[in-house]
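Peer 1: Have a look at the structure that comes next, please.
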Amino acid sequence: QVRVVESGGGSVQSGGSLRLSCVVSGLTYSTYSMAWFRQAPGNEREGVAAVDSDGKINYADSVKGRFAISLHNATKKTYLQMENLKPEDTGMYYCAAEPIGGLRPLNPYLLRNEYNNWGQGTQVSVSS
């Protein structure tokens, strides 16, 4: 049974910073991907940042230069450091994980349907 737990959300003013954390347990593969998604009310869940166990990283264009994702392989713990937050960053942030058992993509996926293991979400609210 795979379990994904994220934390670190909160309320900040525009220009502020937050650091989200996510840990996954129950994965038996040594190669895997972890990713952050976010969803605002009425919108689809969108990919924000992804990292795989080889260290490859993929960011959404909207957060490049402001967000940084990292992964500690030994504990399967992922962090998302968010800087210069904007009101449009507001939403529920979800962590996802997926083992890689076959062909590998060039970059870790930022596609919702590529992940089967999800956390419960942590709320990020940015005020102007």
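The values are calculated or read from the model by the stated rules, or taken from the named source; none is laboratory data. Nothing here was measured: the structure is a model prediction, and the numbers come from that model. Positions of Cβ are generated from backbone atoms using ideal geometry, with glycine treated the same way; all protein chains shown enter the neighbour counts. Areas reflect the complete protein model, heavy atoms only, side chains present, ligands, DNA and RNA absent. Shrake-Rupley method; radii C 1.70, N 1.55, O 1.52, S 1.80 Å.
Peer 1: With all protein chains present, how much of the accessible area of the chain (probe radius 1.4 Å) comes from carbon and sulfur, to the nearest whole percent?
Peer 2: Result for the chain: 46 percent of the exposed heavy-atom area is carbon or sulfur.
Peer 1: Oh, and also: Compare Glu98, Glu83, Glu44, Glu6 by solvent-accessible area with a 1.4 Å probe and give them largest first, with all protein chains kept in place.
Peer 2: Glu44, Glu83, Glu98, Glu6
Peer 1: Another question, if that's okay. Pull up the DSSP beta bridges for the chain and report the antiparallel fraction as a percent, rounded to 5.
Peer 2: So the antiparallel bridges amount to about 90 percent of the total.
Peer 1: With a 1.4 Å probe and all protein chains in place, put Tyr109, Tyr115 in order of accessible area, largest first.
Peer 2: In descending accessible area the options line up as Tyr109, Tyr115.
Peer 1: Now a separate question. On a full-extension model of 0.36 nm per residue, what is the gain between Asn116 and Tyr79, subtracting their alpha-carbon distance, rounded to one decimal in nm?
Peer 2: 11.4 nm
Peer 1: With only Lys, Arg, Asp and Glu charged, each at its Cβ (+1 for the first two, -1 for the last two), find how big the charge dipole of the chain is about the Cα centre; round to the nearest 20 debye.
Peer 2: Dipole about the Cα centre, nearest 20: 220 debye.
Peer 1: How big is segment 1-70 on each of its three principal axes, counting only the C-alpha atoms and giving the largest first in Å?
Peer 2: Computed over segment 1-70, the largest-to-smallest principal extents equal 40, 24, 23 Å.
Peer 1: Here is a further query. Cross-link candidates for Lys77: which aspartates and glutamates have Cα within less than 15 Å, leaving aside residues fewer than 8 places away along the same chain?
Peer 2: Glu6, Asp52, Asp54, Glu98
Peer 1: Quick one: how many Å² of Asp52 are accessible to a 1.4 Å probe, rounded to 10?
Peer 2: 10 Å²
Peer 1: Hey, another quick one. So, for the chain, what is the accessible surface per residue at a probe of 1.4 Å, expressed in square angstrom?
Peer 2: Averaged over the residues of the chain, the accessible area is 52 Å².
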